[in-house]
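Read the structure below first, then the notes.
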Amino acid sequence: MSRSTRIIFLSATAALVMSSASPASDDYGQDVGTKLGSGLSNLALGWVEFPKNIINTTNETNVLFGLSGGFLKGGLHTLGRIASGVVDVLTFPLPTQPITKPGFVWENFDVETQYGPVFQTKD
């Protein structure tokens, strides 16, 4: 298969996929834009889970456990945010529910991060 034939085939396939996904939601552009934005922010700001969990664990227990346990929880949630950011960036053309809740690390700062289904479609 020649190079130009492959480019045409891939372009046609991409156009077909994008056009078939568009009628499913009136807000398709907004949904995929939000997904891409949250994925990029999770990649760039996942490390904010460290201070978030140290602060929240200190407020729930004490300073000693907040520094140690909060640091460990922050590390796990940092890895989770970065992994969900990678998935969101790679699959942003598919409008799905956010994996992390809250969707952005700065939303509801006092709420512990939770993770939901990876490919749950929007209603």
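Mind telling me which of the residues LEU94, LEU40 ends up being assigned to a helix (DSSP H, G or I) and open to solvent by 80 Å² or more (accessible area, probe 1.4 Å)? Going through LEU94, LEU40 in turn, the sole match is LEU40. In region 77-95, the residues that are within 10 Å of VAL32 (Cβ to Cβ) form Cβ pairs under 8 Å with partners that are surrounded by fewer than 16 Cβ atoms within 10 Å (Cβ to Cβ) and of a type in the set (Phe, Trp, Tyr), at six or more places apart or across chains, as follows: THR91/PHE119; LEU94/PHE119. The condition of being modelled with pLDDT of 90 or more, hydrophobic (A, V, I, L, M, F, W, C) and either in a helix (DSSP H, G or I) or over 17 Å from THR121 (Cβ atoms) (or both) holds for only one of LEU16, LEU76, that being LEU76.
Reported count of residues in region 97-115, each being surrounded by 12 or more Cβ atoms within 10 Å (Cβ to Cβ) and in contact (Cβ under 8 Å) with a residue 12 or more places away in the chain, is 12. Here ASP88 fulfils each of the conditions (1) more than 15 Å from LEU45 (Cβ to Cβ); (2) of a type in the set (D, E, K, R); (3) in a helix (DSSP H, G or I) apart from (1).
The values are calculated or read from the model by the stated rules, or taken from the named source; none is laboratory data. None of these values were measured; they are calculated from a predicted model. Cβ coordinates were reconstructed from backbone atoms using ideal geometry, including for glycine residues, and neighbour counts include every protein chain displayed. Surface areas here come from the heavy atoms of the whole protein model, side chains and all, with no ligands, DNA or RNA. Shrake-Rupley method; radii C 1.70, N 1.55, O 1.52, S 1.80 Å.
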